Amino acid sequence: MQVVILNDSDAVAEYGAQLFIKQLSKKPKAVLGLATGSTPIALYQKLIEANKSGDVSFKECSSFNLDEYLGLSGDHPQSYRYFMQQQLFNHIDINPLQTFVPAGDTDNPIDACHHYEDMIREKGGIDLQLLGIGSNGHIGFNEPSSGLMSRTRIKTLAPATIRDNARFFSSDEEQPHLSITMGIGTILDSHQSILLATGAAKAGAIAATVEGPLTAACPASALQMHPNAVVVIDEDAASQLQNTEFYKHVERENLRLKARLGL
Ligand code: GLP
């Protein structure tokens, strides 16, 4: 696991955006794994700017989102489909028919989960998976105790997640307690994954992810088994890590090596 500690949230977003831009220039037909939450918004803004200035094109790629609230249709303002339209898809040249978000309003959510996995497989798997992290260590909606090899399925949200996400719902809106989420096994199958976290509220979850034991109690710790995972965080999110100086040293060495190899 590569750990990249940067000065602030803008640098975190820039690092993530550059990874997506590189991925798309290397493979225009890339399959992108996308995430919601407040953390990736700044990265999406940078991708929108890069698309407008012609530095990246999404025309040939496809995307799969991590998760969706079960019970919300895509035109519900709190649905993750709606979020993606507003924050990214409506502003870039991606083919709308190639953007996939689990169907929150399906009559048959169990079949929809299997179908989602089939579609990812048919596309050849996810090239680059973006992740945020919940304060309880969840990725997607894989809450603590999620199976570390799980696939896309229905998950009950943890009370901490419902509390954290309540800020997005008005008091008269019913907040869903169920979701459809890619599984941890689905996420581990991605060729590369990038987890972003900023702010002190994520420091405990990041310490457990990077330096804690591999455990379903912190679902993001499963990334320790990912063959190509990078955790990109700001100083606040890094504040409970023990080995900060070592990660910074490794990163300096990585940059030197890349320069030497012309990468
Ligand atoms: C939700 C999403 C996660 C996301 C998390 C963190 O629960 N299901 O995919 O990582 O929120 O959100 P934020 O970035 O707003 O802290």
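So, of the residues in the range 167-187 that are of a type in the set (A, V, I, L, M) and within 12 Å of the ligand (Cβ to nearest atom), which turns out to be nearest to residue 154 (Cα to Cα)? Reasoning before the result, please.
Here is the first cut: in the range 167-187, the residues of a type in the set (A, V, I, L, M) are 178, 180, 182, 184, 187.
Retained after the next criterion (residues that are within 12 Å of the ligand (Cβ to nearest atom)): 180, 182, 187.
On the way: 180: 5, 182: 9, 187: 15 Å.
The extreme case among them is 180.
Being among the polar types (S, T, N, Q) and in contact with a Ser or Thr (Cβ under 7 Å, 6 or more places away or on another chain) is the filter; apply it to the range 141-166 and report the residue that is nearest to the ligand (Cβ to nearest atom). Explain how you work it out, then say what you get.
Within the range 141-166, the first condition is being among the polar types (S, T, N, Q), and the residues that meet it are 142, 145-146, 150, 152, 156, 161, 165.
Keeping just the survivors that are in contact with a Ser or Thr (Cβ under 7 Å, 6 or more places away or on another chain) gives 142, 152.
Values: 142: 9, 152: 13 Å.
Among them, the one singled out is 142.
Have a look at 50, 17 and point out the one that is among the aliphatic types (A, V, I, L, M), free of Cβ contacts under 8 Å to residues at least 40 places away in the same chain and touching a Lys or Arg at 6+ places or on another chain (Cβ under 9 Å).
None of the others qualify; the one that does is 17.
Tally time: how many residues in the range 22-53 are among the β-branched types (Val, Ile, Thr) and either within 16 Å of the ligand (Cβ to nearest atom) or modelled with pLDDT under 95 (or both)?
3
Considering only the range 186-193, I want to know if a residue exists there that is open to solvent by less than 40 Å² (accessible area, probe 1.4 Å) and part of a loop (DSSP other than H, G, I, E, B).
Yes, the conditions are met somewhere in the range 186-193.
Within the group 191, 138, which residue is more than 16 Å from the ligand (Cβ to nearest atom), within 25 Å of residue 13 (Cβ to Cβ) and in contact (Cβ under 8 Å) with a residue 60 or more places away in the chain?
Exactly one residue qualifies, and that residue is 191.
Considering each residue of the range 138-183, count those that are of a type in the set (A, V, I, L, M) and surrounded by 22 or more Cβ atoms within 10 Å (Cβ to Cβ), and give that number.
4
Would you kindly identify the helices (runs of 4 or more DSSP H) lying entirely within the range 1-94 that contain at least 3 residues that are touching a strand residue (DSSP E or B) at 6+ places or on another chain (Cβ under 6 Å), open to solvent by 10 Å² or more (accessible area, probe 1.4 Å) and not acidic (Asp, Glu)?
Helices (runs of 4 or more DSSP H) meeting the threshold: 9-26.
Among the candidates 201, 160, 166, single out the residue that is touching a residue at least 12 places away in the same chain (Cβ under 8 Å) and either more than 23 Å from residue 147 (Cα to Cα) or of a type in the set (Asp, Glu) (or both).
Of the residues listed, the single one that is touching a residue at least 12 places away in the same chain (Cβ under 8 Å) and either more than 23 Å from residue 147 (Cα to Cα) or of a type in the set (Asp, Glu) (or both) is 201.
Select, from 103, 112, the only residue that is farther than 25 Å from residue 39 by Cβ and small (Gly, Ala, Ser).
When all the criteria are applied, what remains is 112.
Among the residues of the range 217-233, is any at pLDDT 95 or above, in contact with a strand residue (DSSP E or B) (Cβ under 7 Å, 6 or more places away or on another chain) and in a loop (DSSP other than H, G, I, E, B)?
yes
Looking at (1) away from the ligand (no atom under 15 Å from the Cβ); (2) assigned to a helix (DSSP H, G or I); (3) farther than 24 Å from residue 17 by Cβ, which is the only condition residue 120 fails?
Going through (1) away from the ligand (no atom under 15 Å from the Cβ); (2) assigned to a helix (DSSP H, G or I); (3) farther than 24 Å from residue 17 by Cβ one by one, residue 120 breaks only (3).
Is it true that some residue in the range 102-111 is more than 21 Å from residue 194 (Cα to Cα), in contact with a Leu (Cβ under 8 Å, 6 or more places away or on another chain), away from the ligand (no atom under 16 Å from the Cβ) and outside any loop (DSSP other than H, G, I, E, B)?
yes
The values are calculated or read from the model by the stated rules, or taken from the named source; none is laboratory data. Keep in mind that this is a model prediction, so the values were computed, not measured. Positions of Cβ are backbone-derived with ideal geometry, glycine not excepted, and every protein chain shown enters the neighbour counts. Note: areas computed on protein heavy atoms with side chains; ligands, DNA, RNA excluded. Shrake-Rupley method; radii C 1.70, N 1.55, O 1.52, S 1.80 Å.
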